[in-house]
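Worksheet: the structure to be examined is printed underneath.
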Amino acid sequence: MSRIHVIGAGMAGLACALRAALAGAPVALYEAAGHAGGRCRSFRDKSIGRVVDNGSHLLLGAYRSTLAFLDDIGARERITEIAPAAFPFVDLKTGERWIVRPEGGRLPLWLLDARRRIPGTRLTDYLGVLSLARAGAADTVAARVASRRVLFERFWQPLTRAALNTDATEASARLLWNVVAETFMKGEAACRPMLFLHGLSAALVDPAIRTLQRSGGEVRFLARLRGIEWRADRVTGLQFAEGLMRIGTDDVVVLAVPPDAAAELWPAVPVPSESRAIVNVHFRVDEPVELPWRSPFVGLIGADSEWIFAREGVLSVTISAADRFIETPSHELAGHLWGEVAHVLGRTTGRLPPWRIIKEKRATFAQTPAEATRRPAAATTVPNLFLAGDWTDTGLPATIEGAIRSGFAAASLALDRAARALALRRTAG
Ligand SMILES: Cc1cc2nc3c(=O)[nH]c(=O)nc-3n(C[C@H](O)[C@H](O)[C@H](O)COP(=O)(O)OP(=O)(O)OC[C@H]3O[C@@H](n4cnc5c(N)ncnc54)[C@H](O)[C@@H]3O)c2cc1C
């Protein structure tokens, strides 16, 4: 029976390997690092003595593939859903506070009530969504919706930076529209924020590896693919440090590595080449703290911190499209962001608590109109090679949902290919 070789154990590779294994195919998953999860993982940090995520991640009710993946691995109870959907905000410059509550079904009737709208905005400002829906492939978010300044600063910009990790002045309007169409245009349930109770690895990674192994999948860590052997029009071998591993005639390979690694292994593949950073600072808090409205997270306007998340003795600040802070000395940045956190908590800044900063330089590809055209499809010109990853052409931004959907798509192509190869062999035999 043909074997499916999946390279890379991030969310895309895990989703692909798991789907294929659950369908009964022999699967091997190879990961360069000593652990799975890629850009979505947790670890115990010695400097603050807590388990932290590489960055705070949020899921949404619209993440149907992620929810299916959580069901496959029996880990739904490891996330918590905020229902009804609520996104609290604090404006550090003006002191205003509000909650975005996208109530009801597909028609956003809640906007008719002035008290529900974002402070400083009028009903007509929200018609900008129609302009976004009609965006061309070359349009940026700002080109479609920046004319309504207050709504832009308090809604479109934070939404774009959070969902696309790219500033609204350069982010793809089409890509943001796809997010809005799957969330706000689908009603309240699709907008519900979902958080990880005990971190990313405990929910998405460790149970996935266990389920994969229980389903007969083989997992190899510290197995970096160094090269691909081709003959005629198909992949015939995988080069690892220990040597060349020949693959069977009917075997299938799925490359689920980041775009730069894919281009190194297969220079002919088009990939997005620009990336954007995300900075997270985790602060240890030893006494109970409450964010406004007792929410587990809050969005900030008029500050460098964009989101604060509260979890199990840790307050975490997230900044998306954070390339401007990559060179800032970490101690300086931690001190500055702690000042903003203290402001939100209504405290004096006081002493800086123990902190850990994580600067993910290549957190996602730059989701600009130009880079979006460089996303390849899962199927390639090589019949036994498929691609997966948040950067492939899923129609979604580079998110957990995009990565998992790409993994599912690659699994179904790989299973089809394996089934066709088997059928051909039977006919020939
Ligand atoms: C700080 C941060 C915050 C984020 N916040 C959110 C959020 O709130 N919500 C959301 O939905 N998404 C968020 N994302 C995005 C999300 O984490 C990613 O889209 C997703 O994890 C990407 O998964 P992937 O499998 O496509 O890629 P990766 O996670 O990059 O996985 C690729 C894997 O391939 C391995 N690899 C590379 N080269 C080789 C090789 N040659 N051989 C073998 N293995 C190799 C890597 O080690 C890695 O494990 C965030 C990302 C970051 C960094």
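Where a number appears in this text, it was derived from the coordinates with a stated rule and is not lab data. On a predicted model such as this, the values are computed, not experimentally measured, just so you know. Positions of Cβ are generated from backbone atoms using ideal geometry, with glycine treated the same way; all protein chains shown enter the neighbour counts.
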Shape call, region 47-91: gyration tensor on alpha carbons, a/c limit 1.5: oblate
Electrostatic dipole magnitude of the chain [Cβ: Lys, Arg +1; Asp, Glu -1; Cα centre; debye, to 20]: 500
The chain - mean residue ellipticity at 222 nm from DSSP helices (-39,500 (n - 2.57) per run, n ≥ 4, rounded to 500): -8000 deg cm²/dmol
Two-decimal log10 I(q)/I(0) for region 103-186, as the Debye equation yields it once each C-alpha is a single scatterer, q = 0.13, 0.19 Å⁻¹: -0.37, -0.81
Cβ-based charge dipole, the chain, positive-most Cα from Trp307, Thr169, Ile118: Ile118
Simple Cβ-charge dipole of region 63-102, Lys/Arg +1 and Asp/Glu -1, about Cα centre, in debye nearest 20: 140
Cα-centre dipole for region 103-186 with unit charges at Cβ (Lys and Arg positive, Asp and Glu negative), debye to 20: 240
Efficiency of FRET between Ala263 and Arg234 - r from beta-carbon atoms, R0 25 angstrom, step 0.05: 0.80
In degrees, nearest ten, helix 400-428 long axis to first principal axis of the chain (Cα): 20
Burial ordering of His282, His343, fewest other beta-carbon atoms within 10 Å first: His343, His282
The chain: projected area of the alpha-carbon convex hull, averaged over directions, in nm²: 21.7
Count, lysine Cα pairs under 30 Å in the chain, 8 or more residues apart or across chains: 4
Acute angle (nearest 10 degrees) that the helix 173-182 long axis makes with the longest principal axis of the chain, alpha-carbon atoms: 90
Centre separation in Å (Cα based) which lies between region 1-17 and region 214-271: 10
Dipole-positive endmost among Ala202, Ile319, Ala189 within the chain (Cβ charges, Cα centre): Ala189
Of Leu385, Leu244, Leu200, the one that fluctuates the most in a GNM where the chain has Cα springs shorter than 10 Å: Leu244
Neighbour cut-off at most 14 other Cβ (10 Å), DSSP loop, trypsin sites (Lys or Arg not before Pro), region 327-429: Arg347, Arg351
Cβ-based exposure ranking for Glu327, Glu274, in which fewest neighbours within 10 Å come first: Glu327, Glu274
Length released on extending from Thr349 to Arg116, taking residue separation times 0.36 nm less the Cα-Cα span: 80.7 nm
Exposure proxy order (Cβ contacts within 10 Å, fewest to most) of Asp45, Asp416: Asp416, Asp45
Loop-resident sites, region 62-165, for trypsin sites (Lys or Arg not before Pro), counting at most 15 other Cβ within 10 Å (DSSP): Lys93, Arg106, Arg122, Arg134
Whole-Hz couplings from phi, Karplus 6.51/-1.76/1.60, listed for region 160-165; x for Gly and Pro: 5, 5, 6, 7, 10, 6
Whole-Å distance, taken between Cα centres, linking region 339-418 and region 140-177: 18
Bridge type composition, the chain - antiparallel percent by DSSP, nearest 5: 75
Net length gained if the chain between Ser330 and His198 were fully extended (0.36 nm per residue, minus Cα distance): 44.9 nm
For a label point 7 Å along the Cα-to-beta-carbon line of Thr169, residues of region 319-351 with backbone N under 16 Å: 320-325
Cβ-Cβ FRET estimate between Ala342 and Arg224, R0 fixed at 41 Å, reported to 0.05: 0.45
